[in-house]
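Notes follow the structure.
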Amino acid sequence: MKVLISTDIEGVAGVYHPEQTRQGNPEYERARLLMAQEANAAIAGAFDAGATEVLVNDSHGGFRNMPPDVLDARARVVQGKPRYLSMVAGVEEGVDAVCMVGYHSRAQGRGILAHTINSFAFAGIALGGQELGEAGLYGALAGEYGAPVVMGSGDDVFIAENRPLFPHATFVETKKATGFSSGVSLSPEQSRRAIRAGVEEALAARANARPLVFEGPQTVTLRTQSTALADLFCQWPAFERVDGVTVRFTAPTVEAAVRMLNCCSAMSSMLR
């Protein structure tokens, strides 16, 4: 059994504020260790369940947050960018299950540090009219490779948004959101115990899980955070302008859609 663990930071127990997610300050240095410790808990849970191989994907920001020497030596680590499959890079190796640790709710949701891919650029993303956050987008990308999402951890809003997409998954609530930068969290120790047990439980029941599949070409609607960003993205001939801040394009697969969105994310840096 080969398992991919995709680890973000905003859903980690004890993380509430943007400062904790950005390099260059002591708050981030502590948060990145909390992120790595939750990843280790998930790795341990996977091996407890009988995994023979585990990949752990560093899926936040520049994709090089977790110190490799802190991570469980039994796992292989996916870090650095750019990479085509982004938050689920490693799924192309033929994994049997995906676990999403430390994830968060979608842009303009009510969860802690809610956003989708790029908080500066993107106000909302929909595939075929269905609004999705990172878990939905990357869960569907993993689905194109035949890999089901079997487990997710994060705040209560993240879970409520994504349970309908992954009805057979095991979810671990690490904290309750009371605002964008506030909540009530488990202790890191409690969170790690719950994640380890949740991953083991999820993998034991993985026969019931099904990949999230969006069939056929994908119509993607992207709401931007400003008119200037919509102007910029519509330099790409494949994009259609819907209104002042909304653009639309069609992609042949979810993978193509995600890669185009990540290109837009990178393009947006010129307007910062």
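Criterion applied to I112, I117 was being of a type in the set (A, V, I, L, M), touching a residue at least 60 places away in the same chain (Cβ under 8 Å) and in contact with a Leu (Cβ under 7 Å, 6 or more places away or on another chain), and the one residue passing it is I117.
Annotation for the range 203-218: at least one member residue is of a type outside the set (G, A, S), under 16 Å from the mean Cα position of the chain (by Cα) and under 21 Å from G102 (Cβ atoms).
When the range 199-222 is limited to residues that are of a type in the set (S, T, N, Q) and open to solvent by 40 Å² or more (accessible area, probe 1.4 Å), the one that is modelled with the highest pLDDT turns out to be T219. Among the residues of this structure, V184 counts as one that is more than 22 Å from A126 (Cα to Cα), among the β-branched types (V, I, T) and surrounded by fewer than 24 Cβ atoms within 10 Å (Cβ to Cβ).
Report yes if R106 is within 25 Å of Q130 (Cα to Cα) and open to solvent by 30 Å² or more (accessible area, probe 1.4 Å), otherwise no. Here the answer is yes, as R106 does meet what is asked. Within the range 242-272, how many residues are out of contact with any strand residue (DSSP E or B) (no Cβ under 6 Å at 6 or more places or on another chain) and part of a strand (DSSP E or B)? Within the range 242-272, residues that are out of contact with any strand residue (DSSP E or B) (no Cβ under 6 Å at 6 or more places or on another chain) and part of a strand (DSSP E or B) number 0.
Residues are listed down the side, and each one gets a yes or a no for (1) touching a helix residue (DSSP H, G or I) at 6+ places or on another chain (Cβ under 6 Å); (2) among the basic types (K, R):
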| position | (1), (2) |
| --- | --- |
| R192 | yes, yes |
| P211 | yes, no |
| F214 | yes, no |
| T219 | no, no |
| G244 | yes, no |
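Considering the conditions (1) under 21 Å from G45 (Cβ atoms); (2) buried (at least 23 other Cβ atoms within 10 Å of the Cβ), L141 is excluded by exactly one of them, (1).
Would the range 46-66 turn up any residue that is among the basic types (K, R), touching a Gly at 6+ places or on another chain (Cβ under 9 Å) and more than 30 Å from F120 (Cβ to Cβ)? Within the range 46-66, not a single residue is among the basic types (K, R), touching a Gly at 6+ places or on another chain (Cβ under 9 Å) and more than 30 Å from F120 (Cβ to Cβ). Which residues, counting only those in the range 5-51, are surrounded by 16 or more Cβ atoms within 10 Å (Cβ to Cβ), of a type outside the set (G, A, S) and over 21 Å from D155 (Cα atoms)? Passing the criteria: only F47.
The values are calculated or read from the model by the stated rules, or taken from the named source; none is laboratory data. What you are looking at is a predicted structure, and each value in this text was computed from that prediction instead of being measured. Heads up, the Cβs are rebuilt from the backbone with ideal geometry, glycines too, and the neighbour counts pull from every protein chain shown. With ligands, DNA and RNA removed, areas are computed over all heavy atoms of the protein, side chains included. Shrake-Rupley method; radii C 1.70, N 1.55, O 1.52, S 1.80 Å.
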